[in-house]
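Enquirer: Have a look at this one before I ask anything.
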């Protein structure tokens, strides 16, 4: 093993043992082993404390998802140990491949990754960043080590997976032609709303008369401002609201139905709604159109690439597992982990999509390094 490889292995082991140190102190008198290696892939290892930490993080994520049924939450918690070990296994496979390819994360690469992390955290002061790391259980050195792992991780995926995915222009164009409705924009109307306010200075009959007057002036071609001025509406009686571009279903109840019936330039009769009597004017209509290929080319390429990426990633991990030396000493809750579903098909990932954290970095396309793989 090269010196650099030994150093990396020592860093990983030291970090894992450091995390378990309090447990060791508490259990000094106990004969049982508090921490141990639970998974080895070639020269990459994961310890029991690594797995416990990842499992706890996953359970915390499950608890943070809103709108999940109790049965689904229980199922995900029951499977958390296996899913956490599968994430660990996939990560070790990738890092083992980095050794085989003799990849290294250089100090300048790590510095750039840390700068990216600072920007993403909105921190530009080194001391503030150090304090933030300490608050999250990191030292600068341990964070640099984590960043180095992340860099190697992404380098392997670029070489072994991403570089093998090619999307031809002809394929993009063919997909666009055969999925036209997916790229259709809905019809939109730019709507102006004059509201004769029920909390204004007028009584019910005066509000109705003012609303009818405003509608007539809009029909005659006045702008909302001109209509209000021409009607000599008392202060506080009318609010002019530019609703902007709206689609069918965007407005409440009867207002939405009225807007959809109006042609460009059309004005509605006064209708009761939230806050008072509404007089609606459709200032402009944008017809429904299919977005041109030039606008959606990158979107299509990304969609096609994502589907192939997931397949290529699974194939790479399968190949790497077949040629790796694997030793397991699993906790009971992790047995059967290879059948666990992680990555973008992971139910937890689907539920948390758009959240700040997502499990299984190994199953997502590589991005600019700004954070380490999930612990």
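Since every read-out is calculated from the coordinates, none of them should be taken as a lab result. None of the values given here were measured: they were computed from a predicted structure. Here the Cβ is made from the backbone with ideal geometry for all residues, glycine too, and neighbour counts use every protein chain on show.
Enquirer: Using a Förster distance of 35 Å, how high is the FRET efficiency between residue 37 and residue 74, based on the Cβ-Cβ distance and rounded to 0.05?
Expert: With a Förster radius of 35 Å, E is 0.70.
Enquirer: Could you bin all the Cα-Cα distances of segment 134-243 into 5 Å bins starting at 0 and give me the percent of pairs in each, rounded to whole numbers?
Expert: All Cα pairs, binned at 5 Å, distribute as 2, 9, 11, 9, 6, 5, 4, 5, 5, 7, 7, 7, 10, 9, 3, 0 percent.
Enquirer: Let a ≥ b ≥ c be the square roots of the eigenvalues of the Cα gyration tensor of segment 243-328; is it rounded (a/c under 1.5), or, if not, prolate (a/b larger than b/c) or oblate?
Expert: Prolate shape, in that a/c is at least 1.5 and a/b is the bigger ratio.
Enquirer: Expected output is a single nm value to one decimal: the length gained when fully extending between residue 254 and residue 341, i.e. 0.36 nm times separation in residues minus the C-alpha distance. What is it?
Expert: Separation in residues times 0.36 nm, less the Cα-Cα distance, equals 26.7 nm.
Enquirer: Over all directions, the average projected area of the alpha-carbon convex hull for segment 187-287 comes to how many nm²?
Expert: It is 5.5 nm².
Enquirer: Also: Within segment 128-166, what residues put their amide N at less than 17 Å from the label point 7 Å along the Cα-to-Cβ vector of residue 304?
Expert: 162-166
Enquirer: Once fully extended, how much extra length lies between residue 205 and residue 158, figured as 0.36 nm per residue of separation less the alpha-carbon to alpha-carbon distance?
Expert: 9.8 nm
Enquirer: State the dimensionless ratio Rg/Rh of segment 85-136 (Rg: radius of gyration of Cα atoms; Rh: Kirkwood radius).
Expert: Checking Rg against Rh, the ratio lands at 1.12.
Enquirer: Explain nothing, just the number: relative contact order of segment 241-295, from Cα pairs under 8 Å at least 6 residues apart, as a whole percent.
Expert: 25 percent
Enquirer: For a Förster distance of 25 Å, can you work out the FRET efficiency between the beta-carbons of residue 245 and residue 293, rounded to the nearest 0.05?
Expert: Result of the calculation: an efficiency of 0.60.
Enquirer: Give me the distance in nm between label points sitting 7 Å out from Cα along the Cα-to-Cβ direction at residue 102 and residue 181, one decimal.
Expert: 5.6 nm
Enquirer: Quickly work out the residue 125-to-residue 318 label distance, labels modelled 7 Å from Cα along the C-beta direction, and quote it in nm with one decimal.
Expert: The modelled label-to-label distance comes out at 5.3 nm.
Enquirer: What is the extension gain from residue 284 to residue 197, computed as 0.36 nm multiplied by their sequence separation minus the C-alpha to C-alpha distance, in nm to one decimal?
Expert: So the chain would gain 28.8 nm between residue 284 and residue 197.
Enquirer: With the contact rule set at Cα under 8 Å and sequence spacing of 6 or more, what percent relative contact order holds for segment 187-287?
Expert: RCO, segment 187-287: 47 percent.
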